[in-house]
Amino acid sequence: MCGIIGYAGSRPCAHGVLLSGLKALEYRGYDSSGIASFQCGQIEIIKAKGKISELEKKIKDKPESFCGIAHTRWATHGEPNEINAHPHRVEGVTLVHNGIIENAAALKKAYEQRGIVFKSETDSEVACACLAILYRSEKNKLKVLREAAKILKGSYAFAIMFEDEEGVIYGMRKDSPLILGIGEEGNFLASDLSAFIRFTRNYATIDEDQIVRITNQEIECYDSDLNRVDVQVQKSEMDISTIEKGGYDSFLLKEIHEEGRVVMDTIHHYMKNSLQELSKTMIDLKKYHCIYFVACGSAYHAGVLAKNLIEKYARIRCECEVASEFRYNSPILDEKTLVICISQSGETADTLAAIRMVNKMGVDSCAIVNVKGSSLEKEAKYVLPTLAGVEISVATTKAYCAQVAVCCLLALNSCMDRLSSLQLHTIEKQLQKIDMYIDKLISDTNLDGFVASIMNKKNVFFIGRGIDYALSMEGALKLKEITYIQAVAYPAGELKHGTISLIEEDTPVMVLISDEKLVDKSISNMKEVKARGARILLVIREDLYHESIEADEVIFLPKVSEFLQGIVSIVPYQLLAHHLAAKMGCDIDQPKNLAKSVTVE
Ligand code: G6P
């Protein structure tokens, strides 16, 4: 949710470096962008509405610079236009901001009375004014930043330049990510590593309320009392190919093709050969009376699936709630409750707020999280990593599969004593070749009939029972996210209680069937909609299919244990969303209105 980068370099290449960083951060927001850089002792600002490519066009003829800050925006306060785009400048202070200043309205009034004329509708310009006003009377910039941190409420990561201090960038953060990059030809500040990984692998995290000051040669870090503190420089192992398309038309398609590998990497992190290894690498859920899964978007759907498996096989009560509701619904938590927050980015504001609340209550917390060093990872009592690598496409695919894989292992570990040795052996064998099931499904699935059936339709329904319902929710979300077609998931048996009134001649209904115990029930539900004219697009485990099932189009899933079914069954739905979006000419990796990392509540 908004990406920021700052670069203080030894060579005049700041525009190129910042643009490259913005492109890597574009997943965080892409409705407008801007760069501020030092030009002969003055700060020049260039902004553009739309994608980074628009900014690139405007900046290409400008003289290069040694030092600058840049921003890609996901609008919160004020519509996406050039005026509201960052950087913002008030008097001698220029900044870029990620986050939300919650007391901006009150501060704005007060600052107007002190002579500030605001140009934009943003809270970020108010933050800039706060610094500028403090700087009128206090010339120590560190003290200015420390005072501003006391005044500004909400969340922020700032990169700040003062016009009278050429070549220097200040940064500070609260509840929004900001990390340092330490290079040979300059230093960086950015929302995440991918922004500067092409230039340096050396990085350091910045703690909440710390203030940093970077030049081309130096990095200084201060605590909230302005005492100098050391930074711990680490080396990133990030694979640069993960931030390149590598011959695919979109990151989304590339990331779907990586699913076999990332699921395998994730499983190998917890076990190599035997399921018994899970007792050492997983959390023992049996000591809890209740497990809460808390997450947003796709991660929430992974939680719904986990709840189903754990309740069914381990007989431990589970709840699953979206993070923005969880906090305000007064959940009943005690020392026998474990709250598991699931998040790809580890920075989703609602999920973070949920874990903070849980930690404050003294209740055990756990994070299933993809990004190492993220806030969620740092704040959870227990961490179960997913090893999906960097995911660029805004709509998640491979990271979701890795989350489902961890949920399946968690469920397996909690019910091993209830499974026969034959069942355990079968699951172990299937786990060892789970990547082959996924790869084969990706290469063999022909979705032409499905695509043609949904093309130009206004509504699509996804139905299923049990884990198939959890997967249907994810399938519907994928379709909505990248094709903008209205898609709704329903438990197969529930559709007739109202929603069936929307079924018309040729309305596409996606039916997912992977559970032998529920197959007959789901087929009855399928017939109910078929009788009302629906076009049935069936995704079914191959061994459950027989000729008398009247579907208009069919795709087959391999038969694997129910624990692993979720990892493979989602693949056709992800491919379907991709193929439709490609045919409709949609922007697959950067769908409208979305952002990958939603760092506002
Ligand atoms: C945003 C994205 C979704 C994602 C959700 C949760 O809304 O657009 O695709 O599932 O955030 O993100 P997280 O990083 O917490 O998994």
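The values are calculated or read from the model by the stated rules, or taken from the named source; none is laboratory data. All values derive from a computational prediction rather than experimental measurement. Methodologically, a virtual Cβ is constructed for each residue, glycine included, from the backbone with ideal geometry; neighbour enumeration extends over all protein chains shown. All accessible areas refer to the heavy atoms of the entire protein, side chains included, with ligands and DNA or RNA removed. Shrake-Rupley method; radii C 1.70, N 1.55, O 1.52, S 1.80 Å.
For the range 580-601, which positions are buried (at least 22 other Cβ atoms within 10 Å of the Cβ) and outside any loop (DSSP other than H, G, I, E, B)? Matches in the range 580-601: 580, 581.
Yes/no matrix, rows are residues, columns are (1) in contact (Cβ under 8 Å) with a residue 12 or more places away in the chain; (2) touching a His at 6+ places or on another chain (Cβ under 7 Å); (3) surrounded by fewer than 23 Cβ atoms within 10 Å (Cβ to Cβ); (4) within 17 Å of residue 402 (Cα to Cα):
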{"residue": "539", "(1), (2), (3), (4)": "yes, no, no, no"}
{"residue": "545", "(1), (2), (3), (4)": "no, no, yes, no"}
{"residue": "548", "(1), (2), (3), (4)": "no, no, yes, no"}
{"residue": "551", "(1), (2), (3), (4)": "yes, no, yes, no"}
{"residue": "556", "(1), (2), (3), (4)": "yes, no, yes, no"}
{"residue": "559", "(1), (2), (3), (4)": "yes, no, yes, no"}
{"residue": "576", "(1), (2), (3), (4)": "yes, no, no, no"}
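Listed by position, the helices (runs of 4 or more DSSP H) inside the range 33-149 whose residues that are over 26 Å from residue 213 (Cα atoms) and within 31 Å of the chain's Cα centre (by Cα) number at least 1 are 52-59, 104-113. Across the range 389-417, the qualifying residues are those that are out of contact with any helix residue (DSSP H, G or I) (no Cβ under 6 Å at 6 or more places or on another chain) and over 27 Å from residue 577 (Cβ atoms), and the one among them that is least open to solvent (accessible area, probe 1.4 Å) is 416. Picking from residues in the range 366-388 that are of a type in the set (A, V, I, L, M, F, W, C) and open to solvent by 40 Å² or more (accessible area, probe 1.4 Å), the one that is nearest to residue 343 (Cα to Cα) is 371.
Close contacts from the range 241-253, counting a first residue that is more than 18 Å from residue 438 (Cβ to Cβ) and modelled with pLDDT under 80 and a second that is open to solvent by less than 30 Å² (accessible area, probe 1.4 Å) and in a helix (DSSP H, G or I), with Cβ to Cβ under 8 Å and a gap of 6+ residues or different chains, come to 243/24; 243/194.
Kindly provide the set of residues from the range 509-530 that are within 32 Å of the chain's Cα centre (by Cα) and crowded, with 22+ Cβ neighbours inside 10 Å, ordered by number.
Kept after step one, since they are within 32 Å of the chain's Cα centre (by Cα), are these residues of the range 509-530: 509-515.
Correct list: 509, 510, 511, 512, 513, 514.
Residues that are closer than 26 Å to residue 242 by Cβ, free of Cβ contacts under 8 Å to residues at least 40 places away in the same chain and of a type in the set (D, E, K, R): does the range 25-43 have at least one? So far as the range 25-43 goes, no, none of its residues is closer than 26 Å to residue 242 by Cβ, free of Cβ contacts under 8 Å to residues at least 40 places away in the same chain and of a type in the set (D, E, K, R).
Within the range 183-218, being within 23 Å of the chain's Cα centre (by Cα), of a type in the set (Ser, Thr, Tyr) and part of a loop (DSSP other than H, G, I, E, B) holds for one residue alone: 191.
Return yes when residue 534 is within 16 Å of the ligand (Cβ to nearest atom) and out of contact with any Asp or Glu (no Cβ under 7 Å at 6 or more places or on another chain) and no when it is not. Quick ask: steps written out before the conclusion?
Numbers: within 16 Å of the ligand (Cβ to nearest atom): no; out of contact with any Asp or Glu (no Cβ under 7 Å at 6 or more places or on another chain): yes.
No; evaluated as a whole, the condition is false for this residue.
Just to be sure before I move on: is residue 81 closer than 30 Å to residue 590 by Cβ and of a type in the set (S, T, N, Q) in the structure I sent?
Values: closer than 30 Å to residue 590 by Cβ: yes; of a type in the set (S, T, N, Q): yes.
So residue 81 passes the test.
Counting the residues of the range 450-469 that are among the small types (Gly, Ala, Ser) and open to solvent by less than 20 Å² (accessible area, probe 1.4 Å) gives 2. All of (1) in contact with a His (Cβ under 9 Å, 6 or more places away or on another chain); (2) away from the ligand (no atom under 16 Å from the Cβ) hold for residue 478 with one exception: (2).
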